[in-house]
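> Quick one: this structure, given as structure tokens, is what I'll be asking you about.
The values are calculated or read from the model by the stated rules, or taken from the named source; none is laboratory data. Bear in mind that the values here come from a model prediction, so they are computed numbers and not experimental data. Counting neighbours? That spans all protein chains shown, and the Cβs are built from the backbone with ideal geometry, glycine included. Protein only, heavy atoms only, side chains kept; ligands, DNA and RNA dropped before computing areas. Shrake-Rupley method; radii C 1.70, N 1.55, O 1.52, S 1.80 Å.
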Amino acid sequence: MTIASISRSEGSPVVGIGWMVAAGLCFVSMTVLIKAVGSALPTAQTALLRFALGLPFLLPMLPALRRARLAPRHWRLLGLRAVFHSAGVGLWFYAITRIPLGDVTAINYLNPIWVTLGAALLMGEPLPSRRIAAVVVAFLGALIVLRPGLREIDPGHIAMLGTAVLIASGYLVVKRLSRELPAEVIVAMLSLMVPLALVPFALPVWQTPDGGVLGLLFLSAGLGTAGHYAMTRAFTAAPLTATQPVTFLQLVWAVLIGALVFGEPVDPYTVLGGGIIMGSVLFITWREARARRAATAATPDAVALSQQASDPDARGSSRG
């Protein structure tokens, strides 16, 4: 796909929604394949193989990686992000084998909420009352999914909550790195460092996988790569306010596949809680997009005023 073809698709909500639907299908399919592997292998080994088998998909990123000039600070941040992501992925793989797909997907919607809180607490970003309200509503949605005291909380639920926190922590590190390094370098380094971080945990419990398991994990790696590509194309083609609501389909698909393929009961509370979490995420996204549009609209006026203040000709014409 050329840059020209990407630019032609910009500003098309229909195209962006289509790419986001494709991304959701890829991510849900990847989760289904990992759940199908289930307990055939230890969790750490499954996570290691998933990332190791995805290394061939990094080949297009190698030129950017070779050109990169990484300072010691970059290595520290990349290593920290790899630690967060490795731990999060390990807990995520564990959760998939323990709890229904719908619960996994619904709790995963908390990622942007944790990012919002982390950006405020660690990076000094503003946390106005509307964001605080959205965060509170999202946690209420999580309580509806978990229903503590009304049902037994499985360790998989706790693991999934940990996954949301750890992956969000990794996103905060990426936010800092993205100011200094190209996206291809950040993605490639993560894909290279995560398997290395998982090796010490996978080797002590290593079991020889059969060809079928390796095939499923290789396919899941391809789907994960395709999902990230489709998601990037969606962000290029349309604003978040158009594409973000589509991610709620992932919960619907996860619940349906969990019921039809794995015999998991359809839990209306999971759908309700996930919908509430998604609603709070949508509210934050919409408000941020509105604020950006307002700032963009104000910029030309500010520039014009600045020119009038410094340019005698401009001042003269304004009096005209």
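> What about ALA183, is it of a type in the set (Gly, Ala, Ser), over 18 Å from PHE93 (Cα atoms) and surrounded by 18 or more Cβ atoms within 10 Å (Cβ to Cβ)?
For ALA183, the condition - of a type in the set (Gly, Ala, Ser), over 18 Å from PHE93 (Cα atoms) and surrounded by 18 or more Cβ atoms within 10 Å (Cβ to Cβ) - is not met.
> Here is a further query. In the range 241-265, which residues are among the hydrophobic types (A, V, I, L, M, F, W, C) and touching a residue at least 60 places away in the same chain (Cβ under 8 Å)?
ALA242, VAL246, LEU249, LEU251, TRP253, ALA254, VAL255, ILE257, VAL261, PHE262
> Can you tell me which of (1) more than 26 Å from VAL266 (Cβ to Cβ); (2) modelled with pLDDT of 90 or more is the one GLU184 doesn't meet?
All conditions are met except number (2).
> So is ILE167 under 18 Å from MET278 (Cα atoms), of a type outside the set (S, T, N, Q), outside any loop (DSSP other than H, G, I, E, B) and without any contact (Cβ under 8 Å) to a residue 40 or more places away in the chain or not?
no
> So in the range 144-154, with the set limited to residues that are surrounded by 13 or more Cβ atoms within 10 Å (Cβ to Cβ) and not aliphatic (A, V, I, L, M), which one is farthest from VAL266 (Cα to Cα)?
If we take residues in the range 144-154 being surrounded by 13 or more Cβ atoms within 10 Å (Cβ to Cβ) and not aliphatic (A, V, I, L, M), then ASP154 is farthest from VAL266 (Cα to Cα).
> I'm trying to understand the selection: among the residues of the range 186-198, which are closer than 20 Å to PHE93 by Cβ and open to solvent by less than 50 Å² (accessible area, probe 1.4 Å)?
Of everything in the range 186-198, those that are closer than 20 Å to PHE93 by Cβ and open to solvent by less than 50 Å² (accessible area, probe 1.4 Å) turn out to be LEU190, SER191, MET193, VAL194, PRO195, ALA197, LEU198.
> Still on this structure, I have one more. Which members of the range 118-132 meet the condition of being without any contact (Cβ under 8 Å) to a residue 24 or more places away in the chain and either at negative phi or aromatic (Phe, Trp, Tyr) (or both)?
ALA120, LEU121, GLU125, PRO126, LEU127, PRO128, SER129, ILE132
> Would you be able to say whether some residue in the range 203-226 is open to solvent by 60 Å² or more (accessible area, probe 1.4 Å) and under 14 Å from the mean Cα position of the chain (by Cα)?
Looking through the range 203-226, none of the residues is open to solvent by 60 Å² or more (accessible area, probe 1.4 Å) and under 14 Å from the mean Cα position of the chain (by Cα).
> Checking the structure you have, find out if any residue of the range 37-46 is at pLDDT below 90, under 20 Å from THR225 (Cβ atoms), surrounded by 15 or more Cβ atoms within 10 Å (Cβ to Cβ) and not acidic (Asp, Glu).
Taking every residue of the range 37-46 in turn, at least one turns out to be at pLDDT below 90, under 20 Å from THR225 (Cβ atoms), surrounded by 15 or more Cβ atoms within 10 Å (Cβ to Cβ) and not acidic (Asp, Glu).
A quick yes/no check of all residues on (1) out of contact with any Gly (no Cβ under 9 Å at 6 or more places or on another chain); (2) over 23 Å from GLU180 (Cβ atoms); (3) of a type outside the set (S, T, N, Q):
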| position | (1), (2), (3) |
| --- | --- |
| VAL14 | yes, yes, yes |
| ALA52 | yes, yes, yes |
| LEU78 | yes, no, yes |
| PHE84 | no, no, yes |
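> Report, ordered by the first and then the second residue, all pairs with beta carbons closer than 6 Å, sequence separation of six or more or different chains, a first member in the range 181-198 that is among the hydrophobic types (A, V, I, L, M, F, W, C) and part of a helix (DSSP H, G or I), and a second member that is surrounded by fewer than 18 Cβ atoms within 10 Å (Cβ to Cβ) and modelled with pLDDT under 90.
VAL185/ALA64; VAL185/LEU65; VAL185/ALA68; ALA188/LEU58; ALA188/LEU65
> Does VAL21 fit the bill of being outside any loop (DSSP other than H, G, I, E, B), modelled with pLDDT of 90 or more, open to solvent by 20 Å² or more (accessible area, probe 1.4 Å) and farther than 30 Å from TRP206 by Cβ?
Judged against the criteria, VAL21 is a match.
> For the structure I just gave you, tell me whether ILE158 is buried (at least 20 other Cβ atoms within 10 Å of the Cβ) and within 20 Å of ALA87 (Cα to Cα).
no
> Any residue at all in the range 34-41 that is assigned to a helix (DSSP H, G or I) and without any contact (Cβ under 8 Å) to a residue 60 or more places away in the chain?
Within the range 34-41 (the criterion being assigned to a helix (DSSP H, G or I) and without any contact (Cβ under 8 Å) to a residue 60 or more places away in the chain), the answer is yes, since at least one residue qualifies.
> Just the residues that are assigned to a helix (DSSP H, G or I), in contact with a helix residue (DSSP H, G or I) (Cβ under 6 Å, 6 or more places away or on another chain) and open to solvent by less than 60 Å² (accessible area, probe 1.4 Å), please, taken from the range 249-267.
Result: GLN250, LEU251, TRP253, ALA254, VAL255, ILE257, GLY258.
> Counting only residues that are of a type in the set (S, T, N, Q) and modelled with pLDDT of 85 or more, how many does the range 145-178 have?
Final tally of qualifying residues: 2.
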